[in-house]
Amino acid sequence: METHRVLMPLGGNIYDQPSTFRVSVSCNNMLLSAFILSLILWCSNALQVIGGNKTVVQGGTVILPCKLIDSTELLNQISWQRKTRNKPQTDNFFTILPINGPRFVNGDDHRFQFVGNFNEENGSLQLSNVTLLDEGVYTCIFTLFPSGNHKTEIPLNLLVPPVTHVKDDLPILGDEEVSLATCTAAGSRPPAKVRWLIGTLAGKVRATTNSTEHANGTTTTVSSLVGVPTREVHHYEVQCVVTNPALSKEETVTFTIQVQFSPRDVNISVRSTDSFQCLTAANPKATFTWNRPGNSLPQSAVRVEGATLQFLSMSSDLNGLYQCEASNQYGRDHGYLYVHVTSGTCTACWAILGLLLFLIVIGVAGAAIAWKFSQSPRIEEIRKVFRRYEKTPTKSQEGDAVVEETEEAPQQAEGSL
Ligand SMILES: *[C@@H]1O[C@H](CO)[C@@H](O)[C@H](O)[C@H]1NC(C)=O
Ligand SMILES: *[C@@H]1O[C@H](CO)[C@@H](O)[C@H](O)[C@H]1NC(C)=O
Ligand SMILES: *[C@@H]1O[C@H](CO)[C@@H](O)[C@H](O)[C@H]1NC(C)=O
């Protein structure tokens with residue numbers, strides 16, 4: 001085969017060579033020429049370039065396989081072309097020559113590494129830190145003597161995992177359907193599937209999903225959990241489940257529905273003979289302020305710490321109405337305490353006779369506080385006194401008092417959307 005070398009056109013760009021072999025023989029023996037040609041045709045028919053179809057997750061490493069098999073011809077060069085998102089025009093970017101070895105053609109990109117073996121007619125190339133811009137078709141070309149170029153195309157497909165998060169839509173207690181939470185699977189390729197596990201809320205909430213495709217070929221899928229923000233759904237645990245081929249396993253984000261509501265059922269509980277605490281249900285948690293309507297708080301005689309009002313000394317100056325205001329960004333509600341000190345300096349008088357608890361409840365009176373009062377016979381007395389004074393019907397019972405800042409275990413989600 002050595003003598004065939006002289007027949008190769010010298011110099012020039014190998015990419016310009018036609019795949020069919022050009023013979024420029026000045027041979028006087030036509031029979032020999034015919035024999036050579038038929039030998040070439042026989043050889044070309046048998047050889048094959050084996051490639052592949054590769055899929056890789058963004059950021060990963062992939063081998064673009066390329067191997068010449070069943071060739072008896074002389075290998076002159078292996079070269080690579082690409083047509084990718086980044087290089088929409090065919091781009092010759094890599095060659096491997098028997099003597100000079102591998103080299104970049106139009107600028108270096110060290111993410112590519114030759115992992116084949118020229119002598120074994122293996123042109124495989126490794127690409128690391130793969131990005132979306134690398135997606136496309138790679139062409140591996142074996143330049144043989146005498147038959148010329150033989151190539152195969154290797155499609156490179158990119159997978160991009162979604163970035164998942166669940167956003168609290170801060171639904172406000174009400175009777176209109178609103179979005180309770182939104183689950184987003186951003187920038188994935190192919191598009192991600194998003195679903196909700198809602199357990200026993202099935203039929204009470206539903207999911208609405210839509211997706212947007214970006215110019216770079218990724219898709220963002222957004223699914224909102226829609227329902228009426230009732231007390232029933234408050235504190236309910238749901239799960240957003242995202243599936244995508246770029247993820248090794250499905251992604252589950254657990255979310256607790258938080259219905260927002262203003263302070264309600266403000267109650268004042270007796271903590272000790274001289275200390276009172278303001279209680280309310282609210283989401284987010286209420287902040288409390290104590291004051292005396294139409295009067296200033298006697299700074300030296302009382303201490304206020306958040307929800308707690310404590311009397312430090314006793315005097316009839318302290319007599320009167322005290323107001324606790326509970327508020328959050330959705331509203332405010334009030335509770336009242338009436339203090340009456342009978343004999344000026346007697347601290348023991350903090351008992352029933354010395355103190356009249358006077359509770360005016362704006363809105364609904366809490367069942368919880370009534371229960372708390374019934375725990376102590378002494379306080380029971382106060383409650384009775386208070387009942388006589390205050391004709392406010394204690395209308396709400398258990399049913400109305402369920403929405404509280406409870407820490408009870410959220411219900412399990414089983415069903416799905
Ligand atoms: C390559 O594989 C991907 C995914 O496995 C497939 O979607 C695509 O159609 C294949 N392409 C070719 C050219 O076979
Ligand atoms: C691939 O990415 C890693 C981490 O970002 C970096 O350390 C490394 O140098 C990169 N490799 C190449 C060949 O660019
Ligand atoms: C694709 O485009 C979107 C929107 O412009 C962007 O948020 C995202 O990061 C891009 N993804 C990649 C992998 O470049």
Residue count, the stretch 295-310 (criterion: of a type outside the set (A, V, I, L, M) and in contact (Cβ under 8 Å) with a residue 24 or more places away in the chain)
3
Enumerated strands (runs of 3 or more DSSP E) restricted to the stretch 37-142, each holding at least 3 residues that are away from ligand 1 (no atom under 16 Å from the Cβ) and more than 22 Å from residue 157 (Cβ to Cβ):
74-84, 91-97, 101-104
Yes or no: residue 280 assigned by TED's automatic domain parsing to the domain that holds residue 176 and either at pLDDT 95 or above or hydroxyl-bearing (Ser, Thr, Tyr) (or both)?
no
I'd like the residue in the stretch 116-151 that is open to solvent by less than 30 Å² (accessible area, probe 1.4 Å) and among the β-branched types (Val, Ile, Thr) and, out of all such residues, is farthest from residue 79 (Cα to Cα).
130
I need the full set of residues from the stretch 45-72 which are of a type in the set (Val, Ile, Thr) and within 19 Å of residue 111 (Cβ to Cβ), in order please.
55, 56, 57, 61, 62, 63
Qualifying residue in the stretch 76-84 (condition: within 16 Å of ligand 3 (Cβ to nearest atom) and closer than 27 Å to residue 162 by Cβ):
yes
Suppose we filter 213, 177, 153, 135 for residues that are over 24 Å from residue 245 (Cβ atoms) and either in contact with a strand residue (DSSP E or B) (Cβ under 8 Å, 6 or more places away or on another chain) or at pLDDT 95 or above (or both); which single one remains?
177
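The values are calculated or read from the model by the stated rules, or taken from the named source; none is laboratory data. Note that the coordinates shown come from a computational prediction; the quantities given were computed from them, not determined experimentally. Virtual Cβ from ideal backbone geometry, glycine too; neighbours counted across all protein chains shown. With ligands, DNA and RNA removed, areas are computed over all heavy atoms of the protein, side chains included. Shrake-Rupley method; radii C 1.70, N 1.55, O 1.52, S 1.80 Å.
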